[in-house]
Amino acid sequence: MKRIALLGATGSIGRQALEIVQEHPELELVAAASGSTPIDGLAQLTQVGGDLTELLDRAEPDVVLNAVVGFAGLPATLWALERGVDLALANKESLVSGGDLAVAAWREGGGRLLPVDSEHSAAFQLLDGRPPETVDSLVLTASGGPFRGHSRADLAEVTSAEALAHPTWSMGPKITVDSATLMNKGLELIEAHFLFGLPYERIEVVVHPTSVVHALVRFRDGASLAHLGYPDMRVPISYALTYPERAETSIEPLDFAAGLILEFRAPDLDAFPCLALARAAGDAGDTAPCVLNAANEVAVAAFLDGELPFLGIPDVVERTLGQVDCPPARDLADLTAIDAEARRIASALTRELVH
Ligand code: NAD
Ligand code: MG
């Protein structure tokens, strides 16, 4: 029996995780948390909002599935990594913001960090057991989102309703907007750097509209391996929760006879500057990714509220990075302070841009 604590149980990942848990008698949901929606009776222990590490202390899970959205997921990520409790991680913002601390805690704790993000689950499977010196580079695929092919000028007037209409994945609102700006792939680039210990120059992003190939790894002998599957988050969720068994799911395998379109091209960094901003923040290191993430969370919320135009998102992120110091963080308290400062500056910049 594996005892699962599910954080973010009412979200898109959380609901799909509940389906997977129900399908597998060897998975037991011992704790569940949400941000604000009541979830009484969903598990033995439940919590709405508050400090999620208190719930985890009480639940003593074998696996924490962190499917909270945003920086709010960071304490739970560190809780699991520090204790060597297996962490199935959907909450990429925690690894982006707290990557250095998380990797140090992971080394100390000695548990497993199992990515749930589809590209990283794919990369994890492709890299599993390969000697690092044989790996040339990692390629993450991006659908390109609803505005793929749009020029910068085309993006000036797009609305949140248009941004929320994702072509291949059905997800929560924040990540759907991140997919439309390509910030999602920028966050994933930083996430991959910390998960796999690869330098940024050896992680590439390509646009692949059908989202069938989730990641590729190029090896030093000229061979590349790819991970394929229909875009369905239940596959990486199941893989992480049942690792290393790779339990059966009810999801259809690929049908090659139906025709698969495997097309790849370079992303348009002029129309989608968030990807370049994330790469630069990753290269800058220290708390630049934390500041990038905080500013993005503020800007995306303002865009969803109809206050900020779409192109205001990269604008707010870039300006915030220009105004906030990004020193190294010694602990969660340092990171929380930098996150708060970045949010304060990003909110002020948002108000300036709107008025
Ligand atoms: P969502 O908005 O649908 O759900 C978010 C969940 O987090 C909800 O249950 C909400 O109640 C909870 N939550 C928010 N703030 C909280 C807080 N302070 N304390 C406790 N719970 C809180 O989001 P989602 O699409 O399910 O995404 C969740 C995470 O998974 C994000 O980090 C996202 O980037 C990542 N992810 C999602 C997908 C996807 O297909 N949805 C794919 C890959 C990665
Ligand atoms: Mg992803």
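Excluding residues on the same chain fewer than 8 positions from Lys174, give the lysines whose Cα lies under 25 Å from its Cα.
Reachable lysines: Lys92, Lys185.
Between Thr134 and Phe219, 0.36 nm times their residue separation minus their Cα-Cα distance comes to what?
Taking Thr134 through Phe219 to full extension adds about 30.0 nm, to one decimal.
What percent do you get for the relative contact order of the stretch 42-157 when only Cα pairs under 8 Å and 6+ apart count?
Details: 125 pairs, mean separation 21.4, N = 116.
Once divided by the residue count of the stretch 42-157, the mean separation gives 18 percent.
Would you work out which of His24, Leu89, Tyr230 lies farthest towards the positive end of the dipole of the chain? Charges go on Cβ: Lys and Arg +1, Asp and Glu -1.
Comparing the listed Cα positions along the dipole, Tyr230 ranks first.
Taking only the alpha-carbon atoms of the chain, what semi-axes of the equivalent ellipsoid follow from 5 times the gyration tensor eigenvalues under a square root, in whole Å, largest first?
Ellipsoid half-lengths, sorted descending, are 28, 25, 21 Å.
Tell me which residues come under 5 Å, amide H to amide H, from Leu27 once H is placed; ignore anything under 5 positions away on its chain.
The answer is Lys2.
Could you list the trypsin sites (Lys or Arg not before Pro) in the stretch 222-314 that lie in coil according to DSSP, counting only those with at most 14 other Cβ atoms within 10 Å of their Cβ?
Sites meeting the loop and neighbour criteria: Arg246.
For the stretch 105-169, what's the radius of gyration and Dmax over Cα atoms, in angstrom?
Calculated on Cα positions, Rg and Dmax stand at 18.0, 49 Å.
Averaged per residue, what accessible area in Å² does the chain show with a 1.4 Å probe, protein chains only?
About 42 Å² of surface per residue is accessible.
Just going by the charge dipole of the chain, with Lys and Arg at +1 and Asp and Glu at -1 on Cβ, which of Pro327, Phe219, Gly50 is farthest out on the positive end?
So the residue we want is Phe219.
Hey, got the dipole for the chain? About the Cα centre, +1 on K and R Cβ, -1 on D and E Cβ, debye to the nearest 20?
Working: 25 positive and 50 negative charges, 38 e Å.
So the magnitude is around 180 debye.
Pop the C-beta distance of Ala104 and Ala284 into the FRET formula with R0 = 25 Å and round what comes out to the nearest 0.05. Spell out each step's value before the answer.
Details: r = 19 Å, r/R0 = 0.76.
Given R0 = 25 Å and the Cβ-Cβ separation, E is 0.85.
For the stretch 1-57, rounded, prolate or oblate, judged on the Cα gyration tensor with a ≥ b ≥ c (square roots of eigenvalues), a/c < 1.5 rounded, else prolate if a/b > b/c?
Oblate.
On average, how much area does the Cα convex hull of the stretch 285-355 cover when viewed from any direction, in nm²?
Working: hull surface 16.9 nm².
Mean projected area of the Cα convex hull: 4.2 nm².
Could you check the simple spin-label distance between Ser170 and Ser151, using points 7 Å along Cα→Cβ, in nm with one decimal?
3.6
Hey, got a sec? Which GluC sites (Glu not before Pro) in the stretch 1-37 land in a DSSP loop and have at most 14 other Cβ atoms within 10 Å? Intermediate values should be presented prior to the final figure.
Values: sites: Glu19, Glu23, Glu26, Glu28; in loops: Glu26.
Filter output for the stretch 1-37: Glu26.
Quick check for me: using +1 on Lys/Arg Cβ and -1 on Asp/Glu Cβ, what's the dipole size of the stretch 126-272 about its Cα centre, in debye to the nearest 20?
The dipole of the stretch 126-272 has a size of about 120 debye.
How large a share of the accessible area of the chain, in percent, is made up of carbon and sulfur atoms when the probe is 1.4 Å and the other protein chains stay in place? Please list the in-between numbers first.
Working: 7640 of 14850 Å².
Within the chain, the accessible surface is 51 percent carbon and sulfur.
The values are calculated or read from the model by the stated rules, or taken from the named source; none is laboratory data. These figures come from a predicted structure and were not determined experimentally. Please note: Cβ atoms are built from the backbone with ideal geometry, for glycine as well, and neighbour counts cover all protein chains shown. What goes into the accessible areas is simple: the full protein's heavy atoms, side chains included, and nothing from ligands, DNA or RNA. Shrake-Rupley method; radii C 1.70, N 1.55, O 1.52, S 1.80 Å.
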